[in-house]
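> Quick one: structure below, then a few questions.
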Amino acid sequence: MLHSPTDETVGVENAQQILNAARHLKSFIAIDGADHLLTGRADARYVASMLAAWADRYARGPAGAGPA
């Protein structure tokens with residue numbers, strides 16, 4: 001989960017509820033100062049790089065084998 005503690009649209013309490021309800025491995029990444037829609041270019045780039053790094057691990061399959 002990625003969330004800004006200063007998000008005025010969805011409070012961090014809601015993010016915590018979602019995280020607590022998840023039944024699988026989970027992580028929380030705070031994006032300090034970002035707004036809900038990631039309108040700041042630097043914030044959007046940071047989130048994109050975090051998602052790409054996370055997805056890369058799973059796209060490569062076991063032990064980084066790469067796609068078949």
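Each reported figure results from applying straightforward, stated rules to the coordinates on display, with no laboratory input. Keep in mind that this is a model prediction, so the values were computed, not measured. A quick note on method: Cβ atoms are made from the backbone with ideal geometry, for glycine too, and the neighbour counts reach across all protein chains shown.
> Considering amide H positions built from the backbone, and no H for Pro or chain starts, which residues 5 or more places from Gly40, or on another chain, come under 5 Å of its amide H?
Counting only residues 5 or more places away or on other chains, the set is Asp35.
> Using a 10 Å cut-off on Cβ atoms, rank the peptides 14-25, 41-52 from the highest mean neighbour count down.
Highest-to-lowest ranking by the protection proxy: 41-52, 14-25.
> What are the residues whose amide H is under 5 Å from the amide H of Ile29, where those residues sit 5 or more places off or on another chain and H is modelled from the backbone?
When sequence neighbours closer than 5 places are left aside, the close amide H contacts are Leu2, His3.
> Further, regarding this structure: Cα-Cα pairs above 13 Å in the stretch 2-64: how many percent?
It works out to 67 percent of all Cα pairs.
> May I pose another question? Taking θ as phi - 60°, what are the ³J(HN,Hα) couplings along the stretch 45-58 by the Karplus curve (6.51, -1.76, 1.60), each to the nearest whole Hz, with x for Gly and Pro?
5, 4, 4, 4, 5, 5, 5, 5, 5, 5, 5, 4, 4, 7
> What 222 nm value per residue comes from the helices of the chain, counting each DSSP H run with n ≥ 4 as -39,500 (n - 2.57) and dividing by all residues, nearest 500 deg cm²/dmol?
Mean residue ellipticity at 222 nm (helix-derived): -14000 deg cm²/dmol.
> Between 0 and 90 degrees, rounded to the nearest ten: what's the tilt of helix 12-21 against the longest Cα principal axis of the chain?
Helix 12-21 sits at roughly 40 degrees to that axis.
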